[in-house]
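Notes for the one structure printed next.
The values are calculated or read from the model by the stated rules, or taken from the named source; none is laboratory data. Bear in mind that the values here come from a model prediction, so they are computed numbers and not experimental data. Please note: Cβ atoms are built from the backbone with ideal geometry, for glycine as well, and neighbour counts cover all protein chains shown. Quick note on the areas: whole protein, heavy atoms, side chains included, nothing else; ligands and nucleic acids left out. Shrake-Rupley method; radii C 1.70, N 1.55, O 1.52, S 1.80 Å.
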Amino acid sequence: MEEQKPRDIIRKISFLYWAMLLGLVTFIVVTSLFVSNVGEVIISDPHTAFILKTVLILILIVIAPVSYLVPQRQINRIEKDQKLTAKLAEYHTASLIRFALMNTAGILIALGFMLTANTNLIFLQAVVLLFFLIYKPTPFKIASDLELDEKERQQIMPE
């Protein structure tokens, strides 16, 4: 099997990021349009809606740090003496976990919004999207996270 080039792996990480972000934004827009046209789907009881909102807040409180800490621990465990492509492949896996966790949180919040039509849940969505923006993979961020030397940095930087 032909070995991938470092820039190709960077493109795959970037594509993964944009696909998950745009998928989440699309899901948010669809649920918002649904709520604006139909209203809440199931939960009209204020007490049940409050419980659901509280659970979603707790889920976000747990997922947000986990989506940073678990992948960051994986990134920190990457051996510095590996080939650049091996480092980037492990970084890709860690990024997938990070994006999937935040995407899960965003989808759960969007579903909660669809069930309750509680507009306060939009603020939680903003937090999820903010984390997505913070996690945006750039060659500079990747080089910093992986503590790449100058030769390796040159291989991943755009031309």
Please go through (1) in a helix (DSSP H, G or I); (2) farther than 19 Å from residue 145 by Cα for residue 44 and return the number of the only condition it doesn't satisfy. (1)
Can we say residue 119 is assigned to a loop (DSSP other than H, G, I, E, B) and open to solvent by 60 Å² or more (accessible area, probe 1.4 Å)? yes
Matching residues, segment 143-159, being open to solvent by less than 60 Å² (accessible area, probe 1.4 Å), touching a helix residue (DSSP H, G or I) at 6+ places or on another chain (Cβ under 6 Å) and touching a residue at least 40 places away in the same chain (Cβ under 8 Å): 145, 146, 152, 156
Looking at this structure, is residue 140 within 13 Å of residue 60 (Cβ to Cβ) and either touching a Pro at 6+ places or on another chain (Cβ under 8 Å) or open to solvent by 30 Å² or more (accessible area, probe 1.4 Å) (or both)? no
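Mind telling me which of the residues 28, 51 ends up being in contact with a helix residue (DSSP H, G or I) (Cβ under 9 Å, 6 or more places away or on another chain), surrounded by 12 or more Cβ atoms within 10 Å (Cβ to Cβ) and outside any loop (DSSP other than H, G, I, E, B)?
Of 28, 51, the one residue that is in contact with a helix residue (DSSP H, G or I) (Cβ under 9 Å, 6 or more places away or on another chain), surrounded by 12 or more Cβ atoms within 10 Å (Cβ to Cβ) and outside any loop (DSSP other than H, G, I, E, B) is 28.
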Test of understanding: among 108, 58, 129, 88, which residue is open to solvent by 30 Å² or more (accessible area, probe 1.4 Å), more than 22 Å from residue 22 (Cβ to Cβ) and either assigned to a helix (DSSP H, G or I) or charged (D, E, K, R) (or both)? 58
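Per-residue answers, yes or no, for (1) touching a helix residue (DSSP H, G or I) at 6+ places or on another chain (Cβ under 6 Å); (2) without any contact (Cβ under 8 Å) to a residue 60 or more places away in the chain:
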| position | (1), (2) |
| --- | --- |
| 74 | yes, yes |
| 81 | no, yes |
| 86 | no, yes |
| 95 | yes, no |
| 104 | no, yes |
| 111 | no, no |
| 115 | no, no |
| 128 | yes, no |
